[in-house]
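The values are calculated or read from the model by the stated rules, or taken from the named source; none is laboratory data. Remember, predicted model here, so these are calculated numbers, not experimental data. Note that we place each Cβ from the backbone using ideal geometry, even for glycine, and neighbour counts take in every protein chain shown. These accessible areas exclude ligands, DNA and RNA; they are computed on the full protein's heavy atoms, side chains included. Shrake-Rupley method; radii C 1.70, N 1.55, O 1.52, S 1.80 Å.
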Amino acid sequence: RKVVRRDDEVGDSRQLICHQYNIGVDALIVQDMALLQMELPPIALHASTQMDNRTTDKVSFLADVGFSQVVLARELSLDEISTIHTACPAVPLEAFCHGALCVSYSGQCYASEVCFGRSANRGECAQFCRLAFDMTDADGQVIQKGKHLLSLKDMNRSDRLEAMLDAGISSLKIEGRLKDVAYVKNVTAYYRKQLDKIFARRPEYARASSGRSTYTFTPQLDKSFNRGFTHYFLEGRGEDIYSPYTPKSIGEAVGVVKNTGDTYITVAGIHSFHNGDGIC
């Protein structure tokens, strides 16, 4: 749980934390440093990505003041992650590997609060960045009209997990706000399988969980909600991160249109089409 609190909510925050500790919650993901001033039960504190954790000095400081794990900024590259891990080898590092991306650095967005009175830092984001915008130059000439210019693709680093582990990541974070149970089952199952393949080859890595997962389906990431996929800045800053045409799920890629007629289209692909399929 991660909610920015107001001054008059400090007492309620402490009561909530005590309740969570008593029912067995393992850790709190924290952005508000005011919690360090409270008299809390001995519950682990993890530093939220919204604390803008992107330097060795910041990670070292957070470890020194009592955080047992640090969630790194989503904008870091593999080299930057490795540099932090080398400088702070005793600090467990967590990084995002999948899910929707916020266009603001480290999720520090205040547009929703300013425009709609809904604070993203209190879990009430109005999804301002998913709206359509017009772009004009200084002379008023329209450059883009009605495009989703702030909407990013969804993160998918499933094919970079081993590199992330080698860079020093020991915990992976899947963004799942407002996602349904089918999304959670499909995505977590896919990443579980990918990790197990790595662990089978790399005995120096071990799973942190004690249980085992079994599946009655074949997980497939493009079957779940996504706006197209990107590694984001894992290999450095690049341009293939935007989803300007729609903020909605684009679905599974099924082929390339090769020809069109008055009453038909010809598609090159390996997927079958059926009555009732929606195609875009």
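Brief remarks follow.
- Ratio Rg/Rh, restricted to the chain and using Cα atoms, in which Rh is the Kirkwood radius: 1.00
- Charging the Cβ of each Asp and Glu at -1 and of each Lys and Arg at +1, and nothing else, the dipole of the range 1-76 about its Cα centre rounds to 220 debye.
- Taken about its Cα centre, the range 222-265 carries a charge dipole of roughly 120 debye when the Cβ of each Lys and Arg holds +1 and the Cβ of each Asp and Glu holds -1.
- Two-site label geometry, Val103 and Ser209: point separation in nm, points 7 Å out along Cα→Cβ: 3.5 nm
- Calculated from backbone phi, Karplus (6.51, -1.76, 1.60) coupling profile of the range 103-110 in Hz, x at Gly/Pro: 6, 7, 4, 6, x, 7, 10, 10
- Loop-resident sites, the range 95-177, for chymotrypsin sites (Phe, Trp or Tyr not before Pro), counting at most 12 other Cβ within 10 Å (DSSP): Tyr110
- Here the spin labels are modelled as points 7 Å beyond Cα on the Cα-Cβ line, and at Asp159 and Asp180 they lie 2.8 nm apart.
- Karplus-derived HN-Hα couplings along the range 266-276 (A = 6.51, B = -1.76, C = 1.60, θ = phi - 60°), whole Hz, x at Gly and Pro: 10, 10, 8, x, 10, 8, 8, 9, 9, 4, x
- Simple rule: put +1 on each Lys or Arg Cβ and -1 on each Asp or Glu Cβ in the chain, find the dipole, and look at Ala206, Pro247, Ala189; the Cα lying farthest toward the positive end is Ala189.
- Short-range pairs are left out: with C-alpha atoms under 8 Å and at least six residues apart, the relative contact order of the chain is 15 percent.
- Portion, in percent, of the accessible area of the range 1-156 that falls on carbon or sulfur, probe 1.4 Å: 50 percent
- On a per residue basis, the chain carries 59 Å² of accessible surface, using protein heavy atoms and a 1.4 Å probe.
- Nonlocal amide H pairs with Val267, under 5 Å, H built at 1.01 Å: Lys258
- Virtual paramagnetic centre 7 Å along Cα→Cβ of Arg192, amide N under 15 Å, in the range 130-164: none
- For the range 221-262, the residues whose backbone nitrogen is under 13 Å from a point 7 Å from the Cα of Phe133, taken along Cα to Cβ, are 243-244.
- Phi angles of the range 159-172 translate, via the Karplus equation with coefficients 6.51, -1.76, 1.60 and θ = phi - 60°, into HN-Hα couplings of 9, 10, 5, 5, 5, 5, 4, 5, 6, x, 6, 10, 9, 10 Hz per residue; Gly and Pro are given as x.
- Tensor-based shape of the range 215-280 (alpha-carbon gyration tensor, a/c under 1.5 rounded, otherwise prolate or oblate): oblate
- Each helix, a run of at least 4 DSSP H residues, gives -39500 (n - 2.57); summed and divided by the residues of the chain, these come to -7000 deg cm²/dmol at 222 nm.
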